[in-house]
Amino acid sequence: MNPKNQINIRKHGIDFNDVSDIFQHPILSQRDPRTDYDEERWVSIGWIKLLVGVVVYTERRGDVIRIISARKATKQEAKYYVESIEN
């Protein structure tokens with residue numbers, strides 16, 4: 001298992017192997033505005049299995065997505081997501 005994935009599981013309880021679920025449902029995405037990285041990073045909120053999650057990722061050539069982190073959404077983020085996709 002990828003060391004970064006192991007860290008994410010310990011820290012957030014989400015396995016990167018489950019994160020692809022988020023792209024099978026409606027998501028809310030925005031460019032990550034926090035820092036100027038050497039790559040364009042995206043933050044998306046959506047369903048991961050049975051919870052609303054937040055995934056930070058970057059897109060690579062050939063439709064490859066590299067997951068940077070994944071976590072459970074906060075109550076406020078989950079509420080915003082659910083209200084947004086219902087409208």
(request) Quick one: in the stretch 42-87, of everything that is under 11 Å from the mean Cα position of the chain (by Cα) and among the charged types (D, E, K, R), which residue is nearest to Asp15 (Cα to Cα)? (result) Arg71
(request) Please list, ordered by first then second residue, the pairs with beta carbon atoms under 9 Å, 6 or more apart or interchain, first in the stretch 71-86 and in contact (Cβ under 8 Å) with a residue 40 or more places away in the chain and within 13 Å of Ser44 (Cβ to Cβ), second charged (D, E, K, R) and in a helix (DSSP H, G or I). (result) Arg71/Lys11
(message) Being surrounded by 12 or more Cβ atoms within 10 Å (Cβ to Cβ) and of a type in the set (Lys, Arg) is the filter here; which residues of the stretch 44-60 pass it?
(response) none
(request) Read through the list (1) touching a strand residue (DSSP E or B) at 6+ places or on another chain (Cβ under 8 Å); (2) acidic (Asp, Glu); (3) surrounded by fewer than 16 Cβ atoms within 10 Å (Cβ to Cβ), then give the number of the only condition that Asp63 fails. (result) (1)
(message) Can you go through Arg31, Arg41 and tell me which one is surrounded by 13 or more Cβ atoms within 10 Å (Cβ to Cβ) and either of a type outside the set (Asp, Glu) or on the phi > 0 side of the Ramachandran plot (or both)?
(response) Arg41
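Conditions (1) hydroxyl-bearing (Ser, Thr, Tyr); (2) within 21 Å of Pro3 (Cα to Cα); (3) at pLDDT 95 or above, marked per residue:
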site: Ser20; (1), (2), (3): yes, yes, no
site: Phe23; (1), (2), (3): no, no, no
site: Pro26; (1), (2), (3): no, no, yes
site: Arg31; (1), (2), (3): no, no, no
site: Ser44; (1), (2), (3): yes, no, yes
site: Trp47; (1), (2), (3): no, no, yes
site: Arg61; (1), (2), (3): no, no, no
site: Ser84; (1), (2), (3): yes, no, yes
(request) Those residues that are within 15 Å of Ser29 (Cβ to Cβ) and either crowded, with 16+ Cβ neighbours inside 10 Å or not hydrophobic (A, V, I, L, M, F, W, C) (or both), I need them from the stretch 70-87; list them, please. (result) Ala70, Ala73, Glu77, Tyr80, Tyr81, Ser84
(request) Go through (1) without any contact (Cβ under 8 Å) to a residue 40 or more places away in the chain; (2) small (Gly, Ala, Ser); (3) farther than 17 Å from Tyr80 by Cβ one by one and return the number of the condition Gly13 breaks. (result) (1)
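The values are calculated or read from the model by the stated rules, or taken from the named source; none is laboratory data. Computed from a predicted model, the values in this text were never measured in an experiment. Methodologically, a virtual Cβ is constructed for each residue, glycine included, from the backbone with ideal geometry; neighbour enumeration extends over all protein chains shown.
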